[in-house]
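The values are calculated or read from the model by the stated rules, or taken from the named source; none is laboratory data. Note that the coordinates shown come from a computational prediction; the quantities given were computed from them, not determined experimentally. Glycine also receives a Cβ, built like all others from the backbone with ideal geometry; neighbour counts cover every protein chain displayed.
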Amino acid sequence: MTPASNLPFSPSSAPFGAHGAPICAHETANVRLQRSDNLGHPRAFINAGTIKDESGKVVTAELQDGTEHTPDNAVAIFTQLVTGNARWHWPEEPEGEHLIGFDTVSEQRRFAPGHYLDEGVDLTVIQGERKARAIHLPPPVIINLRESAPAATDLLTDEQLDYFRANGNNALIYIHGYNVPHGEWGRFLKYDGSREAYHGNAPSFAKAFTWHPNKATIWQDADALSNNNAITPEEDKLNGTGAHNWAIHTEYQLNRAAGFDGQDWMPYSRIINISWPGNTGATDFMQAELNAMATGRRLVPILKQLANAGIVISLITHSLGARVGLTALNILGTIGHHNLADHLFLWQPAVADNALTNDSSRDVHPLGLGVFPSAHNAVRKIVVLHSRGDGILGPDDDEDSSWWQKAPFRPSPMVTAARDLIAADDPMDDVLGYLRGAYDKKWWTFPSFLDNGFGPAIEKLYKDYLPLTFEAWMTVHPQRSLYVPEALKQTVKENWARLGKDILTEANALRQPCIDCLRNGERPPDYTLLSPLNLRASVSPQAATDYVLRLKKLAVNKWIPEQPPRPALGYVGFEEVARKDAAGFDEFIEDALDDEKFTPVDQSKWLFSHSGMRIPSKEVFNRSYKEAIIERLKELGGKQFGRY
C-alpha cells in the first residue's frame with residue numbers, strides 16, 4: 001500500500017544535475033543567432049522573432065544597431081534563457097525571405113519554405129552560449145513597370161545585383177504575356193497542430209484549409225497538399241494570381257529543369273520577373289501593343305545595368321511579352337550594344353513571323369511597328385518556341401483566313417455567339433480560342449461591340465484631335481451618308497494639320513534627349529503622339545512625317561488595314577519566311593537560321609494551348625524547359641542559370 005501524502009505537490013524521483021534538476025534550478029544561457037541567405041551572405045535582422053525556453057518563458061532578442069547586411073549586425077542575441085530544450089519562432093520578415101535551413105555547430109537542418117511557420121524550430125540551449133545560423137531564401141524579384149515611377153525605381157538594387165553576381169553571375173529575365181493582371185502572392189497553408197506538416201510533398205489535411213497570413217513566394221504543390229483530402233487548395237490562394245502566379249510557376253519549372261530536386265532548397269535560384277500593363281481587356285490588342293513598347297523602353301536601362309555589372313543576361317518572353325523584350329533589344333541594337341544578352345527565348349511569340357528581319361521595308365503593319373530590324377544585334381542567340389497547336393495564335397490556313405477576312409463585311413450568325421463568349425467571365429485562352437485563333441484577327445473592326453482593331457486605341461491616343469474622320473456624322477445621320485457638311489470637312493482638315501504639326505514637334509523635341517539618355521544608360525523619354533513608334537531608339541522628322549501619312553491612309557479606310565497581319569511567329573515559326581518559294585521569303589532570316597543565330601523549336605507535337613507552359617505536362621517540361629531552354633543556356637559555356 002502506498003502511504004498517503006499531504007504534500008501539495010507530487011515529488012519527482014528524477015536525478016539532479018544539468019538536465020535532471022527542476023526548472024528553477026537550471027542555469028541560464030544565451031543564444032547567438034546569425035542569419036544568411038542561401039549563398040552564405042549575412043542578412044540583417046529586422047525582427048528576430050522569439051525563443052520559448054524550457055521553462056515556458058518567451059524571450060525576444062537584442063539586435064545590433066543598423067540595417068546594413070554585415071556580419072556584425074546580422075546577429076540577434078537572446079539572453080537569460082533556461083538551459084534545455086527550446087523553440088525559436090521566427091517572423092516571415094522581410095517579405096519573401098523564406099526559412100530553408102538552421103545550422104548549429106554540430107548539426108545542419110534543411111527544410112522546405114514555410115515548413116516551420118507555426119510550430120517553430122527546435123534548438124537546445126546549452127551552458128554558456130549556443131551559436132546558430134538561420135538560412136533564408138532571398139526574396140523574389142518582380143520589377144513593376146505598370147505605373148509611372150521615377151527611373152531609379154525601375155533598376156535592381158545593389159543587393160539584388162550582388163545576389164545575381166554571386167549566384168552564378170547570371171540573371172534570367174521573364175516577361176509575361178497579354179491580358180495578365182499584376183495580381184498578388186499566394187499564402188502558405190496554416191498548420192494547427194493536429195495534422196502532419198504540409199509543405200513540400202508531405203501529406204496534408206482531412207479538414208478544411210486555413211490560410212496563413214504569410215505570403216508564399218515559391219511554388220506549392222496543390223496535389224500533394226490535398227492528399228487524403230476531398231478538396232484541392234485553390235490555385236490563386238496557393239500560388240497567387242496574375243503576374244505573381246506566372247512568376248512562381250516559371251521560376252520553379254526552370255529550377256527543376258536545371259536540377260532542383262524539390263527537397264534541397266539551397267541551390268534554388270531566383271529570376272527577374274517583369275510585370276507590365278498588358279491587361280487592356282480581352283480584345284484591345286492594339287493598346288496592349290502600345291503598352292508593350294512603352295514598357296520595352298523602360299526595360300533598356302535594366303538590361304544595361306546588368307550588363308555593366310558583368311552579369312550574363314538571358315530573357316524568356318511569353319506571347320505579347322515578346323514585343324516588350326524585342327523593343328528593348330531593338331533599341332539597344334540600334335545604338336550599338338551588340339551581343340549585350342546571351343539568349344532570347346521567344347515562347348509562343350505574338351509578333352509577326354518576319355518580326356526578326358533586318359529589313360524594315362518588309363513590315364506589313366499599317367503604322368510601321370511590325371518588325372524589329374536591330375533586335376538581333378543585341379543578343380547572341382534567339383530561340384523561337386512555336387506550336388501549331390496554339391489555338392490563340394492560329395490557325396492560319398488559307399480557307400480559314402479567307403472566311404475571317406470576309407466576316408467583317410457581311411452579317412454572320414457568329415456575331416451572337418461571339419457576343420456571348422466575349423461577355424463570359426473566361427480567360428483569354430478559353431474565350432477567343434473558340435473563335436479559331438485570335439492573333440490573326442487582331443486588326444478586326446468587327447463586330448463593333450468588341451472595341452477591337454485600330455479605332456479604339458487611336459481614338460484614345462488622339463482624343464484631343466477628334467474628329468479625324470467623318471464617321472460620326474454618318475452614324476448620326478445615316479440617310480445623309482453621301483453628304484458631309486463643309487464645316488465638318490474643315491474641322492477634320494484642321495485637326496489633321498494640328499496633329500501633324502504636333503507629331504513633328506514631338507519628334508524634333510525628343511530626338512536628341514532620347515539619344516543622350518540611351519548613351520548614358522538612362523531611361524529614354526516616351527513618345528506620346530508617336531507612341532506606335534516607341535520600338536525605335538529615336539524618331540527622326542522624316543520617320544514622323546511618314547508615320548502621319550500612314551495614319552491618314554488608315555483613317556481614310558475607316559481604320560481597316562488593306563491587308564491582314566502576317567501569321568504569328570509563335571504559330572508558324574519561320575516556315576513562311578525561310579522557304580524560298582514562299583511569298584514572304586526573307587534571305588536574312590534564312591541566313592540567320594543557317595548560322596544558328598536563330599533556332600526554331602517546333603512544339604506542335606506536345607504543346608496544345610497558348611499558356612501550356614505555365615503548368616507543363618511531362619513532355620512540355622522535358623522537351624521545352626529542359627531541352628529547348630536550360631540545355632541551350634549552357635551552349636555558350638559557364639553556368640547560365642544560377643549555380644546549377
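Does Thr83 satisfy the criteria of being more than 26 Å from Leu117 (Cβ to Cβ) and either of a type outside the set (Gly, Ala, Ser) or modelled with pLDDT of 75 or more (or both)?
Yes: the conditions hold for Thr83.
Which numbered condition in (1) surrounded by 23 or more Cβ atoms within 10 Å (Cβ to Cβ); (2) within 25 Å of Arg109 (Cα to Cα) is the only one that Gly259 fails?
(1)
Looking at Tyr174, Tyr116, Tyr178 in this structure, which one is closer than 21 Å to Ile46 by Cα and of a type in the set (Phe, Trp, Tyr)?
Tyr116
Quick one: count up the residues across the stretch 213-260 that are basic (Lys, Arg) and either closer than 21 Å to Trp347 by Cβ or part of a helix (DSSP H, G or I) (or both).
2
Going through the stretch 331-351 one residue at a time, which ones are under 16 Å from Leu533 (Cα atoms) and crowded, with 24+ Cβ neighbours inside 10 Å?
Listed by number, the residues that qualify are Ile331, Leu332, Val351.
Is there a residue being in the same structural domain as Ala86 (by TED's automatic domain parsing), within 32 Å of the chain's Cα centre (by Cα) and free of Cβ contacts under 8 Å to residues at least 40 places away in the same chain anywhere in the stretch 116-132?
yes
Within the stretch 260-286, count every residue that is modelled with pLDDT of 95 or more and at positive phi.
0
Could you check, for the stretch 433-444, whether at least one of its residues is within 18 Å of Phe285 (Cα to Cα) and either at pLDDT 95 or above or in contact with a strand residue (DSSP E or B) (Cβ under 6 Å, 6 or more places away or on another chain) (or both)?
Scanning the stretch 433-444, I find at least one residue that is within 18 Å of Phe285 (Cα to Cα) and either at pLDDT 95 or above or in contact with a strand residue (DSSP E or B) (Cβ under 6 Å, 6 or more places away or on another chain) (or both), so the answer is yes.
Name every residue in the stretch 304-330 that is assigned to a loop (DSSP other than H, G, I, E, B) and buried (at least 22 other Cβ atoms within 10 Å of the Cβ), in order of residue number.
Ser319, Leu320
When the stretch 92-113 is examined, which residues are found to be on the phi < 0 side of the Ramachandran plot and within 27 Å of the chain's Cα centre (by Cα)?
Result: Glu92, Glu93, Pro94, Glu95, Glu97, His98, Leu99, Ile100, Phe111, Ala112, Pro113.
Rundown of residues vs (1) out of contact with any His (no Cβ under 8 Å at 6 or more places or on another chain); (2) within 21 Å of Tyr571 (Cα to Cα), yes/no style:
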{"position": "Leu332", "(1), (2)": "yes, no"}
{"position": "His337", "(1), (2)": "yes, no"}
{"position": "Ala341", "(1), (2)": "yes, no"}
{"position": "Phe345", "(1), (2)": "yes, yes"}
{"position": "Ala352", "(1), (2)": "no, yes"}
{"position": "Asp359", "(1), (2)": "yes, no"}
{"position": "Val364", "(1), (2)": "yes, yes"}
{"position": "Leu367", "(1), (2)": "yes, no"}
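Just for the stretch 501-558: of the residues that are among the charged types (D, E, K, R) and within 33 Å of the chain's Cα centre (by Cα), which one is farthest from Asn330 (Cα to Cα)?
It comes out as Glu506.
One residue is enough: does the stretch 560-567 have a residue meeting the conditions in a helix (DSSP H, G or I), within 29 Å of the chain's Cα centre (by Cα) and closer than 29 Å to Asn377 by Cβ?
The answer is no; no qualifying residue exists.
Of the conditions (1) under 17 Å from Ala341 (Cβ atoms); (2) more than 20 Å from the chain's Cα centre (by Cα), Ala166 clears all except one; give me its number.
Unmet for Ala166, out of (1) under 17 Å from Ala341 (Cβ atoms); (2) more than 20 Å from the chain's Cα centre (by Cα): (1).
Regarding Asp162, is this residue modelled with pLDDT under 95 and among the charged types (D, E, K, R)?
No; evaluated as a whole, the condition is false for this residue.
Give the residues of the stretch 89-120 that are out of contact with any Leu (no Cβ under 6 Å at 6 or more places or on another chain), buried (at least 20 other Cβ atoms within 10 Å of the Cβ) and assigned to a strand (DSSP E or B), sorted by residue number.
Leu99, Phe102 - these are the residues of the stretch 89-120 that are out of contact with any Leu (no Cβ under 6 Å at 6 or more places or on another chain), buried (at least 20 other Cβ atoms within 10 Å of the Cβ) and assigned to a strand (DSSP E or B).
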